[in-house]
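Data block below; observations after.
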Amino acid sequence: MGTKYKTSYRKGDQLFNCYGLRTNRFLLLNYGFCIRNNKYNSLGFKVFVNVKKDGPAEESDESRFQKIIRLKREKLSEDLLQYLRANLIFKYR
């Protein structure tokens with residue numbers, strides 16, 4: 001085991017490992033354990049938005065882009081609201 005500091009440890013010294021602000025998915029894949037009620041968990045999903053270009057019709061007057069939206073427990077997602085708004089604008093234009 002190494003550290004970013006030039007500190008030496010003797011046999012029997014107690015060491016601590018900080019895993020950081022990680023989701024259960026990351027912890028499970030990299031360290032083999034999960035934390036109950038982990039506040040850093042999120043649900044991510046890919047969304048697509050179609051954008052219609054203004055002006056004269058061309059061969060491709062529509063663009064499509066994608067984004068990953070992450071939802072967290074008990075937290076309002078501005079990205080999700082923006083996605084829903086963009087979809088509604090496109091649909092009812």
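Quick note: the coordinates plus some simple rules give every number you see, no bench work behind them. Just so it is clear, the model here is predicted, and its values are computed rather than measured. Here Cβ is always computed from backbone atoms with ideal geometry, including for glycine, and neighbour counts include all displayed protein chains.
A few comments on the model shown:
- Per-pair calculated FRET efficiency, R0 = 41 Å: LEU88 and LEU29 via Cβ, rounded to 0.05: 0.65
- Residues ARG36 and ASP79, FRET efficiency given R0 of 22 Å [Cβ-Cβ distance, rounded to 0.05]: 0.25
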